[in-house]
Amino acid sequence: MTLRQLNPHIRILTSINAVENQGLPSDYYLKDIHANRIEVWPGSYRLNLTKPYVADYQARYAYQTLLDTGLMTDGVFFDNVMTSQSWLKTDIYGNPVQIDADEDGIADDPATLDAAWKAGVFREIQTFRQLAPNAIVSGHSMDIY
């Protein structure tokens, strides 16, 4: 790689969105009390990271993204690593949203939602770390406390 020849100390990261992905089964997405996915950017829906299998999927997706570079990158930049989600009150169009991560038809208690969400986000990062223990991990919007 020419960049490494010019600067052997360079660090290059690939990136993923930690809380969004496309083309997944319906149960992978965060929903409101009406069982609708929550659109956060035009055509983009928030994942339900309160579900361990979704966090694991996203970690494997990040790992595959790293592999897809032919291991030319040194790690992954995780964008939108939000450790809470109860603040999300509207979709991208300003429509009110009541989050129902456990899909029982009732708006989630904010503290319960945030605890489950934070556990899922940390699971995503920890699972990626297990898959790629020597990879650099960086992120945006992280509040590790």
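Among PRO52, PRO42, PRO96, whose mean-square fluctuation peaks in a Gaussian network model of the chain (Cα, cutoff 10 Å)? Maximum among the listed residues: PRO42. Near ILE136, the amide H atoms lying under 5 Å from its own belong to GLY75, VAL76; only residues 5 or more places off or on other chains count, and H is placed 1.01 Å from N. Debye calculation, C-alpha points only, no solvent: report log10 I(q)/I(0) for segment 41-100 at q = 0.18, 0.25, 0.29 Å⁻¹, in the same order as the q values. Ignoring solvent entirely, the Cα scatterers give -0.81, -1.15, -1.28. Relative contact order, whole percent, for segment 21-145 stands at 35, derived from Cα pairs under 8 Å and 6 or more residues apart. Subtracting the Cα-Cα distance of SER138 and LEU3 from their residue separation scaled by 0.36 nm leaves 46.6 nm. The relative contact order of segment 7-71 comes to 33 percent, based on Cα pairs under 8 Å that sit 6 or more residues apart.
Kirkwood hydrodynamic radius, computed over distinct alpha-carbon pairs, for segment 66-107: how many Å, to one decimal? The Cα-based Kirkwood calculation yields 13.7 Å.
Quick check: net charge around ALA132, other residues with Cβ under 12 Å of its Cβ, Lys/Arg +1 and Asp/Glu -1? Here the charged neighbours net out to +1.
Given segment 1-80, what whole percent of its Cα pairs are spread farther than 16 Å? In whole percent, the long-distance tail amounts to 57. Across all directions, the shadow cast by the convex hull of segment 66-145 built on its C-alpha atoms averages 6.9 square nanometres.
A Gaussian network model of the chain, with springs between Cα atoms under 10 Å, assigns the largest mean-square fluctuation among TYR45, TYR57, TYR93 to TYR93.
Around TYR29, what is the net charge, scoring Lys/Arg as +1 and Asp/Glu as -1 over all other residues with Cβ under 11 Å from its Cβ? With Lys, Arg at +1 and Asp, Glu at -1, the neighbours total -1.
Taking all protein chains together and rolling a 1.4 Å probe, ARG46 ends up with roughly 10 Å² accessible. In segment 67-145, taking the dipole from charged Cβ atoms about the Cα centre, the farthest positive-side position among GLY70, ALA119, ILE106 is held by GLY70. Overall, the anisotropy analysis places segment 26-70 in the oblate class: the square-rooted eigenvalues a ≥ b ≥ c of its C-alpha gyration tensor yield a/c not less than 1.5, with a/b not exceeding b/c. This model, with +1 at the C-beta of Lys and Arg and -1 at the C-beta of Asp and Glu, gives the chain a dipole about its Cα centre of some 660 debye. Shape descriptor for segment 1-143: Rg over Rh equals 1.04 (Cα atoms; Rh from the Kirkwood inverse mean 1/r). For ILE99, the residues 5 or more places off, or on other chains, whose built amide H falls under 5 Å of its own are ASP108. Using just its DSSP H runs of length 4 or more, each adding -39500 (n - 2.57), the chain gives a mean residue ellipticity at 222 nm of -10000 deg cm²/dmol after division by all residues.
The values are calculated or read from the model by the stated rules, or taken from the named source; none is laboratory data. Note that the coordinates shown come from a computational prediction; the quantities given were computed from them, not determined experimentally. Counting neighbours? That spans all protein chains shown, and the Cβs are built from the backbone with ideal geometry, glycine included. What goes into the accessible areas is simple: the full protein's heavy atoms, side chains included, and nothing from ligands, DNA or RNA. Shrake-Rupley method; radii C 1.70, N 1.55, O 1.52, S 1.80 Å.
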